[in-house]
Amino acid sequence: MKPHFKLILTAFVFCAFSSLAHAQRSKSNEQTSKIGILQQTYSGTKNHSFAEGSPAYGVEISTDRGNNYLRYFLKGRISYSTGLQNFLNLGTAFSSAYQFTTFAPELGISIYPVSRRERGLNLYLWGVGVLSYNYLEINTLPTGSNIPPKDQGYGYGYGGGLGFEIMLSGARVKSKSMIYGEVGFRDERAQLVKETAFEVGGITFSLGYGF
C-alpha cells in the first residue's frame with residue numbers, strides 16, 4: 001500500500017471513530033436505498049492496467065442504515081468497458097480490443113461532518129472495502145500466447161471519496177426521497193492476464209436517486 005494511501009486511510013478511520021460520540025446523540029436509524037448510474041475512468045501502470053483503455057459504465061444499488069452522523073452501507077456495482085488496450089504476453093506488449101465486465105460488492109461507511117438533515121443539502125465522506133468478480137475477453141492474441149482469450153478472476157481493494165444528497169422533502173411533507181452523487185477513487189487489483197495484481201481501479205463518478 002502506498003504511503004499516501006496509508007495516511008488517507010488512517011485519517012478516515014480516525015474520523016469514523018471520532019464520529020461515534022456525536023452519533024450517539026442522533027435518533028435516526030432509518031434505512032435508505034439508492035440506485036444510480038456510474039462511470040469509472042481507469043488508472044494505473046502502463047500495460048498492467050486499463051489506463052490506456054476506455055472508461056467503464058454501469059449501475060449501482062446500495063442500502064444503508066445508521067444515524068445522522070455515521071451510516072453503514074452495502075453496495076453492489078456492475079460495469080462494462082470495451083476498447084483498445086496494451087497487454088503483456090511473456091514480457092512483450094501487444095495491443096488488442098477487449099471487453100471487460102466487473103461485479104463488485106462493497107461494504108463501507110459514510111461520515112456526515114454536519115448532522116444529516118431531512119431537507120436541503122447533505123455532504124458526507126465515504127470509504128469502502130471491495131471484493132470483485134472480473135471477466136475479460138481479449139479479441140486478438142499473439143501467436144504462442146499463454147494468455148487465455150477469455151479470462152476471469154477475483155479482485156480486492158478499497159476506496160474513498162465525497163458525496164452529496166439533495167433531500168426532496170417539501171415544507172410540510174417529510175420524505176426520504178433524494179438525488180445523490182458521489183466521486184471517489186478505488187484502488188483495486190485482480191487476477192487477470194496471468195498477473196496476480198492487474199490494476200482495475202480508478203476514479204468513479206455516480207449519480208442517482210434514493211428513497
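Against the test of being β-branched (Val, Ile, Thr), assigned to a strand (DSSP E or B) and without any contact (Cβ under 8 Å) to a residue 60 or more places away in the chain, the options Ile166, Ile203 yield a single qualifying residue, Ile166. Candidates Ser54, Ser81: the one that is at pLDDT 95 or above and in a strand (DSSP E or B) is Ser81.
When you look at Gly127, is it part of a strand (DSSP E or B) and in contact with a helix residue (DSSP H, G or I) (Cβ under 6 Å, 6 or more places away or on another chain), yes or no?
Considered against the rule, which asks whether it is part of a strand (DSSP E or B) and in contact with a helix residue (DSSP H, G or I) (Cβ under 6 Å, 6 or more places away or on another chain), Gly127 comes out as yes.
The values are calculated or read from the model by the stated rules, or taken from the named source; none is laboratory data. On a predicted model such as this, the values are computed, not experimentally measured, just so you know. Don't worry about glycine lacking a Cβ; one is built from the backbone with ideal geometry, like all the others, and counts go over all protein chains shown.
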